[in-house]
Amino acid sequence: MLIKGKWTHNFDPIQDTDEDGRFQRVNSTFRHWITRDGSPGPEGQKASRAEADRYHLYVALICPWACRTLMARKLKKLEQLISVTVVNPVLTEQCWRFGGYPGVDAEPLYGFDYVHQLYTLADPDFSGEVTVPVLWDKKQRTIVNNESADILRILNTGFVELADETIDLYPPAQQAEIDAINQRLYDSFNNGVYQAGFAQTQQAYDEAVNGVFSALDFLERHLQQRDYLAGEQISEADIRAFVTLIRFDAAYYGLFKTNLKQIRDYANVFAYMQRIYHYPGIAETVNFEHIKQGYYSLRALNPTGIVPAGPQISWLSA
Ligand SMILES: N[C@@H](CCC(=O)N[C@@H](CS)C(=O)NCC(=O)O)C(=O)O
C-alpha cells in the first residue's frame, strides 16, 4: 500500500481484519462525480463536466468491482466516450501493473508501470490501498472516483446527452427495490465471498459461508418468476449480482472455499446468469482466463500459484 505517496507495504489481499478475524474491505477514497454541466453530484459531491474523450477507466478483468463499471459502460453505450485500460490480471508485490501479459494494455497516458503511480499523480501524499476500478480525468490528471458503486451511478446519469438513454440502470420507480436488493447482497454475497476467502478464523469463515449460501437461496426464490432482479429491465442490481455469480464456480468455489454448492445447482440463478451473460455486450466484459489467472495468483491463498483446469464452461455457448 501507499503511505504518504511512497509504496511501502507489499500487496496483501487482506486489506484489513477485525478482532475476530473477519476480512474488512477499506472504504474508497476518491468520491467526486461527473455531471452534465459540472454541477454538484446527487449528494452535493464536487463534480466535473461530462465531455467526450475526457475520462478513462482503469480496470482488471479479474475484479468484480471493476467489471461492474465495464458492464455499465457497455450498457450505456459509452465506449466511444470513455476509453479503457485493462491491467495485468496477476497481482504483483506492487499490486496492479500494466502490460506484461498477453493481450493487456500498456499504460497509455503516462507510460506508468503500476496503478499506484496514478494514485500518486492524483495525490502525491496519498496513503491507502490501491484499488481498481479507477475513473480518471485526463484533463485534470486526477482520479474522479475509485468506488464502483458510485461509478455505476455516474455512468448512468452523468453523460445524459452523450449516452444511450434507452437503458436506465437506476430508474426512479425501481430505486427502493434496487437499493433493498443491493443491500441484501452486498455484505452477504458480493463481499461475503471475500469474507469467506480471507477469513482468518474458522468462525469468521463459517459466518461468511452461511451468508453466501443464504444469499443464493434468496436469489433462487426471488428469480422464480422474474427475468431481472428489479422491474422488467436490466438494472444496476443485475450488474452487481452478475459479477459475483459469474466468478463463483471459476474462482470462489475453489479458492475462497464457498463450496457447499455451485451456481449450476440453482436452476433459477443459473438460468438468470446465462440470461445476463447473453445480454448484448455483456459477454465482452467477462474473461475467464483473467479471472482464473488473477484469483489463483493470490499467493496468500494459493502458494504454488497453480491454476486449476476447470470448471467446464461449455454452458456459455448455450
Ligand atoms: N470499493 C471498491 C473495492 C474495489 C476493490 O477492492 N478492488 C480490488 C480488486 S477486486 C483491488 O483493487 N484490490 C487491491 C488491494 O486490495 O490492494 C469498489 O467497489 O470499487
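A few comments on the model shown:
- Based on C-alpha pairs under 8 angstrom that are at least 6 apart in sequence, the chain has a relative contact order of 20 percent.
- In a simple Cβ point-charge model (Lys, Arg +1; Asp, Glu -1; nothing else charged), the chain has a dipole of about 440 debye relative to its Cα centre.
- Of the solvent-accessible surface of the chain, computed with a 1.4 Å probe and all protein chains present, 47% belongs to carbon and sulfur.
- Per-pair calculated FRET efficiency, R0 = 22 Å: Asp179 and Thr201 via Cβ, rounded to 0.05: 0.10
- Per residue value of the accessible surface for the stretch 92-142 (all protein chains in place, 1.4 Å probe), Å²: 46 Å²
- Fraction of beta bridges assigned by DSSP in the stretch 2-157 that are antiparallel (%, nearest 5): 65 percent
- Residues whose placed amide H lies under 5 Å from that of Trp7, excluding near-sequence neighbours: none
- Largest first, the three principal axis extents of the alpha carbons in the stretch 32-104 are 40, 25, 19 Å in whole numbers.
- Accessible area per residue in Å² at 1.4 Å probe, computed on the stretch 199-289: 42 Å²
- Pairwise Cα inverse-distance average, inverted: Kirkwood Rh of the chain (Å): 20.1 Å
- Cα point-scatterer Debye curve for the stretch 274-318, base-10 log of I(q)/I(0) at q = 0.15, 0.17, 0.18, 0.29 Å⁻¹: -0.49, -0.59, -0.64, -1.04
- Cβ-derived FRET efficiency at R0 25 Å, Thr166 paired with Gln45, nearest 0.05: 0.45
- Peptides 158-164, 253-259 ranked from most to least packed by the mean count of surrounding Cβ atoms within 10 Å: 253-259, 158-164.
The values are calculated or read from the model by the stated rules, or taken from the named source; none is laboratory data. Only a predicted model underlies this, so the values are computations on that prediction, with no experimental measurement involved. Note: ideal-geometry Cβ built from the backbone for every residue, glycine included; neighbour counts use all protein chains shown. Keep in mind that these areas ignore ligands, DNA and RNA; they rest on the heavy atoms of the full protein, side chains included. Shrake-Rupley method; radii C 1.70, N 1.55, O 1.52, S 1.80 Å.
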